[in-house]
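> Got a structure here, written out as structure tokens. Questions coming.
The values are calculated or read from the model by the stated rules, or taken from the named source; none is laboratory data. Source: prediction; values computed, not measured. Cβ sites come from the backbone with ideal geometry, for glycine too, and all protein chains shown count toward neighbours.
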Amino acid sequence: MIEVFKHPAYARLFAAQVIALIGTGLLTVGLGLLAYDLAGEQAGAVLGTVFAIKMIAYVGLAPLANALAVRWPRKSVLIGADLVRALVALMLPFIDAVWQIYALIFLLQAASATFTPAFQATIPDILPDERDYTKALSLSRLAYDLENLLSPALAGLLLLFISYHWLFGGTVIGFIGSALLVLAASIPASGQQTKARPFRDRLTRGIRIYVATPRLRGLLALNLTAAASGAFVLVNTVVIVRSGYGMGDGSVAAALAAFGGGSMLAALVLPRLLEKLADRKVMVTAGFLLAALTLAHAAYQLNAGLPSWGAFLAVWGLSGLFYAAILTPSGRLLRNSAQAEDRPALFAAQFTLSHLCWLVTYPIAGWAGSAVGLPVAMAILGAIALAGALIAVAVWPADDRQVVEHEHRDLPADHPHLRDHPGARHRHVFVIDDEHRAWPTHG
């Protein structure tokens, strides 16, 4: 996978992603410990609310940010978002009330809702080769796993010498470092549109393309599966470790690192696996396995209580493995479902709709865990995960093809599809309309 680093712009952007995510990982550990200090055993409910606020910012603001920023220089958007995040993180060590956590997290995640879709849409423009882009997706997954693996490990080491409040300083350093690396990178301008689209069209275009595409409807269902199991891990790990096992802050970091380690293993294996197996087969299989593991773990706890510490870490590691196997190929599906000019809008739509799934599952993980107990909350989320996998099978055709034979009817001569596919065969199988939707013909 290291061959993609021969592209200097990608190497700098990847380094920016890594350093920002390490800082975000320190933030996650610090927030969990801060919530436990302020709310005790109700920390799960507090974190559930925190992550729900995070998702509200993502769901509500990502399409708006994309629609507003589409005409702005990408580099300015990315650097500005990083600086806002650094400023907010700088304030976190000084708060002493739960409501202050909620307010600052909303501001920080509003900036992330601007940064992340723009960042994701930039990578396929830098790496047009399909194999390079697939490797970049796995490297991106590895970078996200640093938040779950290296960051908790680093946090556990730092907590031996400093208060958890200082972890937020690492978050500030991460965002500033990311801004500097983006500044040093050569980022291509976004694709030129063939016509000026009104704001309302820019606001909804990505979601309209997304919901009209069967494979992406399947992706959305699998996002629900990943969110259901992932939300329980992120919200309730601190409660399980501190209250259930009676262990300290370092063990919280170790449990989160186990989840990240499984996810990292999947990211390392997937590039070669996806050369042999279809995305749908890998992702749907992982979805069913993740749902089954979550339900089995819930059933065990309802009947026998907490498993041994080693078994708990193994379950968290396997959960991370299946979780990453669902999410890592998603960028390939998005790239294959959009023209270059629509790619930022489609990535923003994925960002919004996937986080809508987390908006549903985070409160269940936190509030249900506090109200009816963690095993019951886990069982509820396992059932939601299974439902997501079943829906994916139903809405994502098993014979899904990347390329369909089609004709160009009623398209202007300068339409991007004609420009990008000059040699497409004109068989009367599908009609591609101005919204880039494929409609079956009858005669």
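> I'd like the residue in the range 200-246 that is without any contact (Cβ under 8 Å) to a residue 60 or more places away in the chain and in contact with a helix residue (DSSP H, G or I) (Cβ under 8 Å, 6 or more places away or on another chain) and, out of all such residues, is surrounded by the fewest Cβ atoms within 10 Å (Cβ to Cβ).
In the first step, residues of the range 200-246 are kept if they are without any contact (Cβ under 8 Å) to a residue 60 or more places away in the chain; the result is 200-201, 211, 241, 246.
Now narrow it down to the ones that are in contact with a helix residue (DSSP H, G or I) (Cβ under 8 Å, 6 or more places away or on another chain): 211, 241.
Numbers: Val211: 13, Val241: 23.
Of everything passing the filter in the range 200-246, Val211 is surrounded by the fewest Cβ atoms within 10 Å (Cβ to Cβ).
> Do any residues in the range 20-44 that are free of Cβ contacts under 8 Å to residues at least 12 places away in the same chain have Cβ atoms under 9 Å from those of residues that are assigned to a helix (DSSP H, G or I), where the two are at least six apart or on different chains, and which pairs are they?
Asp37/Ala43; Asp37/Tyr164; Gly40/Ser243
> Going by the structure shown, is Leu83 in the same structural domain as Val241 (by TED's automatic domain parsing), at pLDDT 80 or above, surrounded by fewer than 20 Cβ atoms within 10 Å (Cβ to Cβ) and within 20 Å of the chain's Cα centre (by Cα)?
Working: in the same structural domain as Val241 (by TED's automatic domain parsing): yes; at pLDDT 80 or above: yes; surrounded by fewer than 20 Cβ atoms within 10 Å (Cβ to Cβ): yes; within 20 Å of the chain's Cα centre (by Cα): no.
Against the criterion (in the same structural domain as Val241 (by TED's automatic domain parsing), at pLDDT 80 or above, surrounded by fewer than 20 Cβ atoms within 10 Å (Cβ to Cβ) and within 20 Å of the chain's Cα centre (by Cα)), Leu83 does not qualify.
> Can you spot a residue in the range 330-343 that is under 22 Å from Pro214 (Cβ atoms), modelled with pLDDT of 85 or more and out of contact with any His (no Cβ under 7 Å at 6 or more places or on another chain)?
no
> Looking at the range 396-407 only, could you name the residues that are at pLDDT 75 or above and surrounded by fewer than 15 Cβ atoms within 10 Å (Cβ to Cβ)?
Within the range 396-407, Pro397, Ala398, Asp399 qualify.
> Could you please give the count of residues in the range 278-308 that are in a loop (DSSP other than H, G, I, E, B) and within 30 Å of Leu216 (Cβ to Cβ)?
Of the residues in the range 278-308, 1 are in a loop (DSSP other than H, G, I, E, B) and within 30 Å of Leu216 (Cβ to Cβ).
> So how many residues does the range 239-250 have that are in a helix (DSSP H, G or I) and at pLDDT 85 or above?
First, the residues of the range 239-250 that are in a helix (DSSP H, G or I): 239-244, 249-250.
From what's left, at pLDDT 85 or above: 239-244.
Residues flagged as in a helix (DSSP H, G or I) and at pLDDT 85 or above within the range 239-250 amount to 6.
> A further question follows. How about the range 364-374: which of its residues are within 13 Å of Gln42 (Cα to Cα) and in a helix (DSSP H, G or I)?
Matches in the range 364-374: Ala365, Gly366, Trp367, Ala368, Gly369, Ser370, Ala371, Val372, Leu374.
> Based on what the data block shows, is Ala257 of a type outside the set (Asp, Glu), touching a residue at least 60 places away in the same chain (Cβ under 8 Å), farther than 23 Å from Arg131 by Cβ and crowded, with 24+ Cβ neighbours inside 10 Å?
Values: of a type outside the set (Asp, Glu): yes; touching a residue at least 60 places away in the same chain (Cβ under 8 Å): yes; farther than 23 Å from Arg131 by Cβ: yes; crowded, with 24+ Cβ neighbours inside 10 Å: yes.
Judged against the criteria, Ala257 is a match.
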